[in-house]
Amino acid sequence: MATEFVKSMKYDKDWIRLNMMGPNPIQLLELLSNKMDLRQGMRVLDLGCGMALTSIFLAMEFNVETWATDLWIPASANYKRIIEAGLDGKVHPIHAEAHDLPYADEFFDAVVSIDAYHYFGTDPGYMDGYCARLLKPGGQIGVVVPGVSYEIGAGLSPEGLEEFWDKDFDTFHTADWWESLWKKSNMIETEVCEKMPLGKKIWQESEWRQGEHGSDNDKRMLMADKNDALAMIMLTGRRKCKTGGLIETSE
Ligand SMILES: C[S@@+](CC[C@H](N)C(=O)[O-])C[C@H]1O[C@@H](n2cnc3c(N)ncnc32)[C@H](O)[C@@H]1O
């Protein structure tokens, strides 16, 4: 897989392993960023950034300014990591809930969210009510979430995975499901919506790399997933301009 991860390869494996909170977020973000147009000086909201690895990666690789925003991880803990990375003033640690974000409308050029959007973004009102309005017209959104290859149904579990399935996994959906959800938005035009070809491999390798920090349930579930029910889903889109078309991006 190495050739796909020219940027991710530069980062210390232990730094990633000890701070990632799920499938390797740096590798997932590198694949996502290939489908986005991130440029120097942009303001990027990293929504559900966890330990801020992805916010640091974005600032380092694209020379953007990032707002590392998360609920479970205190801003002070992320600030330490940001200083250690030499990015004080370039990556801003913010403690906030996704429905109560302390940002001005149209402030950001892009929103990214790795392995977090499914916690708050499955409600049809979320995109336009809380997220898209923070983007400038023409601004981009890129999301990677864990999901499934075929719809499972609330309260049900994929065949063979019954013993591992948690009710929290009811937020795991197919690429088609996410595409229909985003179609309901009046503000976002979806550009990419796909099951990531390398997604499950990244997830599997990450669980093993995490060792005792990983979840035993997830490891056993991934091993038992003979029907490839589990997947990683990637979505990108742009905020429509006010007339309904898309804003041209310029150099
Ligand atoms: C599985 S972790 C992933 C963290 C990080 N993106 C990564 O990949 O390592 C999910 C993250 O989503 C964040 N999150 C969940 N619900 C949230 C909410 N309602 N508002 C803001 N962040 C939320 C959590 O704080 C957590 O850090």
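The residues on offer are Met36, Met51, and the sole one that is more than 15 Å from the ligand (Cβ to nearest atom) and hydrophobic (A, V, I, L, M, F, W, C) is Met36. Could you count how many residues in the stretch 60-78 are within 15 Å of the ligand (Cβ to nearest atom), more than 18 Å from Asp115 (Cβ to Cβ) and either in contact (Cβ under 8 Å) with a residue 60 or more places away in the chain or crowded, with 16+ Cβ neighbours inside 10 Å (or both)? Qualifying residue count for the region: 1. Exactly one residue out of Pro93, Pro124, Pro137 is in contact with a helix residue (DSSP H, G or I) (Cβ under 9 Å, 6 or more places away or on another chain), away from the ligand (no atom under 16 Å from the Cβ) and of a type outside the set (Ser, Thr, Tyr): that is Pro124. For the stretch 133-155, filtering for residues that are farther than 25 Å from Met21 by Cα and modelled with pLDDT of 95 or more leaves 7.
Please find, within the stretch 193-249, the residue that is modelled with the lowest pLDDT out of those that are out of contact with any Asp or Glu (no Cβ under 7 Å at 6 or more places or on another chain), part of a loop (DSSP other than H, G, I, E, B) and farther than 29 Å from Trp182 by Cβ. This residue is Gln210.
Of the strands (runs of 3 or more DSSP E) lying entirely inside the stretch 6-125, those containing at least 3 residues that are at pLDDT 95 or above and within 22 Å of Thr236 (Cβ to Cβ) are 43-47, 65-70, 108-114.
Checked against (1) in contact (Cβ under 8 Å) with a residue 60 or more places away in the chain; (2) more than 16 Å from the chain's Cα centre (by Cα), Ile94 passes all but a single condition, namely (1).
The values are calculated or read from the model by the stated rules, or taken from the named source; none is laboratory data. This structure is a prediction, so every number in the text was calculated from the model and none was measured. Cβ: placed from backbone, ideal geometry, glycine included. Neighbour counts: every protein chain shown.
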